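Asks: Just passing along the structure, written as structure tokens.
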There are 2 protein chains.
Amino acid sequence: MHTLSEENYLKCIYRLWQDRGEKITPTAIAEWLGNNPASVVDMIRKLTDKQLIIYDKKKGVELTPQGQKDATLIVRRHRLWEVFLLEKLGYHWDEIHDIAEDLEHIKDATLADRLDKFLGFPEYDPHGDPIPKANGKMAKRHSITLADVKPGTHCRVAAVKDTTSAFLQYLQKLSISIGTKIQLVEKIQFDGSLVISIGGGERTTVSQKFGENILIDM
Amino acid sequence: MHTLSEENYLKCIYRLWQDRGEKITPTAIAEWLGNNPASVVDMIRKLTDKQLIIYDKKKGVELTPQGQKDATLIVRRHRLWEVFLLEKLGYHWDEIHDIAEDLEHIKDATLADRLDKFLGFPEYDPHGDPIPKANGKMAKRHSITLADVKPGTHCRVAAVKDTTSAFLQYLQKLSISIGTKIQLVEKIQFDGSLVISIGGGERTTVSQKFGENILIDM
DNA sequence: AAATAAAATTAGGCAAGACTAATTTTATTT
DNA sequence: AAATAAAATTAGTCTTGCCTAATTTTATTT
Ligand SMILES: [Mn+2]
Ligand SMILES: [Mn+2]
Ligand SMILES: [Mn+2]
Ligand SMILES: [Mn+2]
């Protein structure tokens, strides 16, 4: 089995791989985890020895099939716990991520599957991310962001990329949650700011960074 | 906050203190945790620095009020998670202890209280142990064991002391669980073995050690 | 092509939490 | 009271997972 740190690195690599198709470098991992690149190099060696990743200076870090599978199961646990915390314990969506960050490391052969069943086999977590099934399969992630669409487009918030409470609380203040209808009214040329109409109501201006963290349906 | 190891030591000291009123020595702690006495001495120093225990060569290890409070809250979390695993996820009573051993260390200000509420404020865990309340108060522990009573006595299984799956599976095989009525028929002089009648049915002989791990009501 | 900047790696170190082996202290026998 | 046994403590070591500082490699400018 894997240590807590190994699991966090695995999940980070998985995340970076899903997100951008870009090359996964030690620096990128270090930035994401808030660690020093030297530490990342240490861990790359460990995960390579365990045959969970392959590191090639040209291609960057890649997950092996085993690494992929293991990472997926950690993500599965994380998202199932998030659903539990929100639906059963009544937490708000900006509070659950950090707790799930610890719960995801609880290791027991049948725990995730029992939790899944108890929760009624949810498809998506409270941030709109698809929950991997026991076999590792999962629904496609939404990939188009609010910042990608043409002005005038009407769309629906399908998921959020950023799950920090800073972002989620801002969304709450704007009355935006999963399912909210948004129209992109205008893109400001100068800095990419977006003028949007939330739920057919008042217009608000948000930053480009904001738009890039909202995944949408149409 | 405390590290995982600190918490496990705290809980161990609390346990030894509740159990026997005996002096809590480094060796006793080492044995309970399966660690080396030298390691225990290290940790005694850390917990002393943190003012969670007081160590006196004569009196052994004692919890300070703060140490007691912290230990109680860990026990609270452990027992609440055990109820959750059994009642909500359908685990058997011999499977839950080890998982709760990890879950008890998840730290979040409101998690235990929310879980408590979600479970309907249970008084006892699946092994019959009382669950401490948020304020640290808890029902009195049962203290009389099956090995303590006089032959002829009719009693009710209130709790089990040992929570290893070896013991719990043995109980299951004998159809004994919390609430089962047992009559102590005879005590064998030679080695303290107990002849008992389970649920008014067939007679079985069990060891003294067995009897000492069954806590009873009358 | 050189110069410069950025990224990756190595070397060395630190804290936590465990260990073993050696020593000292305390308790129990004789 | 000595001798012996047991318990406690110290000293030194190891692994994990992180760090900083120095160096080397790779990429980007000029
Ligand atoms: Mn994590
Ligand atoms: Mn999520
Ligand atoms: Mn534990
Ligand atoms: Mn229990």
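Asks: With respect to B:I53, is the statement that it is under 29 Å from B:I198 (Cβ atoms), in contact with a helix residue (DSSP H, G or I) (Cβ under 9 Å, 6 or more places away or on another chain) and either within 14 Å of chain A (Cβ to nearest Cβ) or open to solvent by less than 10 Å² (accessible area, probe 1.4 Å) (or both) true?
Replies: Working: under 29 Å from B:I198 (Cβ atoms): no; in contact with a helix residue (DSSP H, G or I) (Cβ under 9 Å, 6 or more places away or on another chain): yes; either within 14 Å of chain A (Cβ to nearest Cβ) or open to solvent by less than 10 Å² (accessible area, probe 1.4 Å) (or both): yes.
In short, no.
Asks: Oh, and also: Being farther than 30 Å from B:H97 by Cβ and over 21 Å from the mean Cα position of the chain (by Cα) narrows it down to one of A:H154, A:H142, so name that one.
Replies: A:H154
Asks: Report whether or not B:T48 is near DNA strand C (Cβ under 8 Å from one of its atoms), open to solvent by 20 Å² or more (accessible area, probe 1.4 Å), of a type outside the set (G, A, S) and over 19 Å from the mean Cα position of the chain (by Cα).
Replies: No.
Asks: Can you tell which of B:W17, B:W32 is more than 14 Å from every other protein chain (Cβ to nearest Cβ), surrounded by 15 or more Cβ atoms within 10 Å (Cβ to Cβ) and away from ligand 4 (no atom under 16 Å from the Cβ)?
Replies: Going through B:W17, B:W32 in turn, the sole match is B:W17.
Asks: Scan the stretch B:78-112 for residues that are basic (K, R) and within 17 Å of the chain's Cα centre (by Cα) and jot them down.
Replies: B:R79
Asks: Quick one: would you say A:K137 is within 19 Å of the chain's Cα centre (by Cα), more than 29 Å from A:K209 (Cα to Cα), more than 10 Å from chain B (Cβ to nearest Cβ) and not hydrophobic (A, V, I, L, M, F, W, C)?
Replies: Details: within 19 Å of the chain's Cα centre (by Cα): yes; more than 29 Å from A:K209 (Cα to Cα): yes; more than 10 Å from chain B (Cβ to nearest Cβ): yes; not hydrophobic (A, V, I, L, M, F, W, C): yes.
Against the criterion (within 19 Å of the chain's Cα centre (by Cα), more than 29 Å from A:K209 (Cα to Cα), more than 10 Å from chain B (Cβ to nearest Cβ) and not hydrophobic (A, V, I, L, M, F, W, C)), A:K137 qualifies.
Asks: Taking the criterion of being more than 16 Å from ligand 2 (Cβ to nearest atom), surrounded by 19 or more Cβ atoms within 10 Å (Cβ to Cβ), more than 23 Å from A:D116 (Cα to Cα) and of a type in the set (A, V, I, L, M), would at least one residue in the stretch B:118-135 satisfy it?
Replies: Yes, the stretch B:118-135 contains a residue that is more than 16 Å from ligand 2 (Cβ to nearest atom), surrounded by 19 or more Cβ atoms within 10 Å (Cβ to Cβ), more than 23 Å from A:D116 (Cα to Cα) and of a type in the set (A, V, I, L, M).
Asks: Output the residues belonging to the stretch B:76-88 that are open to solvent by 10 Å² or more (accessible area, probe 1.4 Å) and either touching a Phe, Trp or Tyr at 6+ places or on another chain (Cβ under 7 Å) or within 10 Å of another protein chain (Cβ to nearest Cβ) (or both).
Replies: B:L86, B:K88, listed by residue number.
Asks: Could you say whether any residue in the stretch A:71-78 is polar (S, T, N, Q) and away from ligand 2 (no atom under 15 Å from the Cβ)?
Replies: no
Asks: Tell me, please, whether a residue that is in contact (Cβ under 8 Å) with a residue 40 or more places away in the chain and away from chain B (no Cβ under 14 Å) can be found in the stretch A:103-119.
Replies: no
Asks: Here is a follow-up. Among the residues of the stretch B:118-134, write down those that are assigned to a loop (DSSP other than H, G, I, E, B), in contact with a strand residue (DSSP E or B) (Cβ under 8 Å, 6 or more places away or on another chain) and not β-branched (V, I, T).
Replies: Once the filter is applied, which keeps residues that are assigned to a loop (DSSP other than H, G, I, E, B), in contact with a strand residue (DSSP E or B) (Cβ under 8 Å, 6 or more places away or on another chain) and not β-branched (V, I, T), the stretch B:118-134 yields B:E123, B:H127, B:G128, B:D129.
Asks: Since A:L115 meets every condition but one in (1) in the same structural domain as A:G200 (by TED's automatic domain parsing); (2) not in a loop (DSSP other than H, G, I, E, B), which condition does it not meet?
Replies: Single failed check for A:L115: (1).
The values are calculated or read from the model by the stated rules, or taken from the named source; none is laboratory data. The structure presented is a predicted model; accordingly, all values stated were derived computationally and were not measured. Using ideal geometry, Cβ is built from the backbone for each residue, glycine included, and neighbour counts are taken over all protein chains shown. Surface accessibility is based on the protein's heavy atoms, side chains included, excluding ligands, DNA and RNA. Shrake-Rupley method; radii C 1.70, N 1.55, O 1.52, S 1.80 Å.
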